[in-house]
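Following: one structure in structure tokens, then a few remarks.
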């Protein structure tokens with residue numbers, strides 16, 4: 001008898017956790033995105049940066065032809081200051097898995113810049129209240 005009651009209690013708790021988790025996922029989905037992915041590459045002596053909302057499926061072309069591409073740190077700072085409610089930026093060291101790089105020689109290689117430049121951009125993000133993570 002005690003065993004049946006214990007099993008019933010466990011099933012009830014498990015089900016309530018699943019329902020609560022599903023409700024939490026729905027609430028999370030309705031909240032506007034506050035995280036972005038940052039991609040960077042160097043081309044002809046200048047660093048270029050591309051920002052995109054976190055989690056969106058993207059191709060190599062989406063990253064390198066994005067309308068939010070900015071040149072050098074000053075351009076990135078201006079772009080970051082325009083982002084509404086951003087709390088976190090994940091700086092990607094490479095294109096997403098499955099994003100095929102075109103075979104042309106002029107295609108930029110996505111990578112992180114020097115430690116000095118990373119430190120400079122981290123300071124910009126800190127002043128804007130944005131947490132920067134390297135991936």
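Values computed for the structure shown
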quantity	calculated
Among (1) closer than 14 Å to residue 39 by Cα; (2) touching a strand residue (DSSP E or B) at 6+ places or on another chain (Cβ under 9 Å); (3) surrounded by fewer than 10 Cβ atoms within 10 Å (Cβ to Cβ), the one test that residue 97 misses	(2)
Checking residue 122 against (1) in contact (Cβ under 8 Å) with a residue 24 or more places away in the chain; (2) assigned to a helix (DSSP H, G or I), the condition it does not meet	(1)
Odd one out for residue 79, checked against (1) under 16 Å from residue 34 (Cβ atoms); (2) touching a residue at least 60 places away in the same chain (Cβ under 8 Å)	(2)
Extreme residue, modelled with the highest pLDDT, among residues of segment 98-115 that are over 19 Å from the mean Cα position of the chain (by Cα) and under 18 Å from residue 71 (Cβ atoms)	114
Residues being in a helix (DSSP H, G or I), modelled with pLDDT under 85 and surrounded by 18 or more Cβ atoms within 10 Å (Cβ to Cβ) - total across segment 37-73	1
Total residues in segment 74-99, condition at positive phi and either in contact with a helix residue (DSSP H, G or I) (Cβ under 8 Å, 6 or more places away or on another chain) or assigned to a strand (DSSP E or B) (or both)	0
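The values are calculated or read from the model by the stated rules, or taken from the named source; none is laboratory data. Treat the numbers as computed from the prediction; the structure is a model and nothing was measured. Positions of Cβ are backbone-derived with ideal geometry, glycine not excepted, and every protein chain shown enters the neighbour counts.
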